[in-house]
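Notes for the one structure printed next.
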Amino acid sequence: MLASGRGTNLQAILDAIAAGSLDAEVVGVFSDRPEAGALARVPPSLRWSDTPAGHATREAFDAAMGDAIAATRPDWIVCAGYLRILTDGFVERFRGRLLNIHPSLLPKYRGLRTHSRALEAGDAEHGASVHFVVPELDAGAVVAQAVVPVAGCVDPGALAARVLEVEHPLLVSVLRLAVSGRLAERDGDATLDGHPLFMPLRLDSSGQLAPFPQNPQD
Ligand code: GRF
């Protein structure tokens, strides 16, 4: 897990693992901010952090973090509120195993201030996306999205809180697919059970991802 902030998405994953609803293990939390709240959510042995200012280049920082990540031999690397743009070298090193949760309905609103931009545009719907990471910012294949209505949210903070509520089940649901070996990236597309998704899965009102085949033979 890569995180720069408070780590509520990380906590949702830890809770799902503890509840037995996600068959996974968090093998490390990596941060560019030693004071990040996310780090405190796991035992000290799982924490890695460093300050980019102590490295000559962005590439050098990402190489150091990448080596620390590789040493934990993760199956998947998940960015959840990791606020630095990853260098191309880092992305290529872990490509196909690197997921990010982004608070917008991609391809709308890549980058920052997504909630303000959705409000300014007068959008009726907003939400969150989980996507594979590619070198171009927030441009990788989208695996799944969760949609919320904008109505009633008068400021970006209120809208962010509404989106965050669906981010947690969205990320956990996608990770269930990932850890069970059903999810992959092929030729820039997200695939489920070997088939291109063509469009993102959606989190439905019961917190399930739909549509996707219950039985891959069907
Ligand atoms: C989330 O809204 C995520 O989508 C965004 O940063 C926020 C992280 O929240 N990229 P948290 O640190 O998981 O609480």
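Figure note: I69, I17, I85 ranked by solvent-accessible area, largest first, 1.4 Å probe, ligands and nucleic acids not counted: I85, I17, I69. Can you give the FRET efficiency for A64 and A40, using 1/(1 + (r/R0)^6), R0 = 25 Å, r = Cβ-Cβ distance, to the nearest 0.05? In this case the efficiency is close to 0.70. Helical content of the chain, expressed as a calculated mean residue ellipticity at 222 nm, amounts to -9500 deg cm²/dmol (DSSP H runs of 4 or more residues, -39,500 (n - 2.57) each, divided by residue number, nearest 500). Take each peptide in 171-178, 105-112, count the other Cβ atoms within 10 Å of every residue, and average; sorted highest first, the result is 171-178, 105-112.
Phi angles across the range 86-102 convert, under the Karplus curve 6.51 cos²θ - 1.76 cosθ + 1.60 with θ = phi - 60°, into 3J(HN,Hα) values of 6, 6, 4, x, 5, 4, 5, 4, 10, 4, x, 10, 10, 10, 9, 9, 10 Hz, Gly and Pro given as x. The tail of the calculated P(r) for the range 26-88 beyond 13 Å holds 62 percent of all Cα-Cα pairs. Dimensions of the range 98-184 along the principal axes, based on C-alpha atoms and rounded to the nearest Å, stand at 41, 26, 16, largest first. Over the chain, all Cα pairs binned in 5 Å intervals from 0 give whole-percent P(r) values of 1, 7, 15, 19, 21, 17, 12, 6, 2, 0, 0, listed from short to long. Basic side chains Lys and Arg get +1 at the Cβ, acidic Asp and Glu get -1 at the Cβ, and with that the dipole of the chain about its Cα centre reaches some 260 debye. Just to confirm my numbers, what's the Cα centroid distance between the range 144-164 and the range 57-128 in Å? First find each Cα centre; the distance between them is then 20 Å.
The values are calculated or read from the model by the stated rules, or taken from the named source; none is laboratory data. Predicted model, so just to flag it, every value in this text is computed and none were measured. Virtual Cβ from ideal backbone geometry, glycine too; neighbours counted across all protein chains shown. Side chains are part of the model used for accessible areas, which takes the heavy atoms of the whole protein and leaves out ligands, DNA and RNA. Shrake-Rupley method; radii C 1.70, N 1.55, O 1.52, S 1.80 Å.
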